[in-house]
């Protein structure tokens with residue numbers, strides 16, 4: 001069973017419909033017992049960082065999500081779902097995220113550009129030599145490349161995806177970066193680490209290529 005976490009906010013049904021288009025039954029739920037049995041978890045949405053944490057905690061799901069990720073269950077965070085993986089956000093000072101990945105969420109400070117960042121934009125896949133991984137072994141580098149290829153399997157370099165964000169993730173560990181995008185600043189538009197997938201763009205709104213990314217997660221082992 002693949003579940004979409006229901007926290008009373010966000011575009012949950014759009015992701016569910018995208019899954020149905022791919023012949024995958026995705027269950028929208030806030031049931032603790034169901035989430036404990038889930039084989040994969042998706043956390044999507046366009047929402048406020050602090051309010052999302054509050055709603056998840058109210059439903060007793062915040063700690064459960066962290067536990068399930070640490071157990072190794074495949075997790076896909078979309079937009080705010082990716083941002084919640086960080087330790088904190090400038091959108092909600094003093095409120096802690098899931099802290100699965102070290103780093104913070106920052107607000108765009110782009111002169112002459114409108115915030116929020118809305119619409120279609122390109123992704124750039126980082127090359128090994130660009131990722132500041134000099135301290136990593138060849139085996140670790142190969143694994144990172146394999147993971148990132150899985151996220152964007154069937155997606156060409158420079159492809160366009162749909163964004164709607166005023167904030168972006170700034171992870172401390174550069175090896176988790178699966179893609180970047182330029183909007184006055186080069187920001188992290190997706191991450192991949194072990195069982196964790198995260199995208200700042202909206203695959204459910206990104207037409208054929210977005211569906212490919214979502215399907216890559218759904219069919220992953």
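The values are calculated or read from the model by the stated rules, or taken from the named source; none is laboratory data. Quick caveat, the model's predicted, so the values are computed rather than measured. Cβ placement follows ideal geometry from the backbone for every residue including glycine, while neighbour counts extend to all protein chains displayed.
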Residue among 210, 154 that is part of a helix (DSSP H, G or I), in contact with a helix residue (DSSP H, G or I) (Cβ under 8 Å, 6 or more places away or on another chain) and closer than 20 Å to residue 22 by Cβ: 210
Could you please let me know if residue 86 is in contact with a strand residue (DSSP E or B) (Cβ under 7 Å, 6 or more places away or on another chain), within 20 Å of residue 194 (Cα to Cα), modelled with pLDDT of 95 or more and part of a loop (DSSP other than H, G, I, E, B)? yes
Would you pick out the residues in the range 205-221 that are closer than 20 Å to residue 122 by Cβ, under 14 Å from the mean Cα position of the chain (by Cα) and surrounded by fewer than 24 Cβ atoms within 10 Å (Cβ to Cβ)? 210, 216
Tell me the residue from 136, 129 that is farther than 30 Å from residue 207 by Cα, modelled with pLDDT under 95 and loosely packed, with under 14 Cβ neighbours inside 10 Å, please. 129
Looking at the range 165-174, which of its residues are over 16 Å from residue 98 (Cβ atoms) and surrounded by 22 or more Cβ atoms within 10 Å (Cβ to Cβ)? 165, 168
Options 47, 92: the member that is over 17 Å from the mean Cα position of the chain (by Cα), buried (at least 17 other Cβ atoms within 10 Å of the Cβ) and part of a loop (DSSP other than H, G, I, E, B): 92
Is there a residue in the range 19-40 that is crowded, with 18+ Cβ neighbours inside 10 Å, at pLDDT 95 or above, out of contact with any helix residue (DSSP H, G or I) (no Cβ under 6 Å at 6 or more places or on another chain) and under 19 Å from residue 164 (Cα atoms)? no
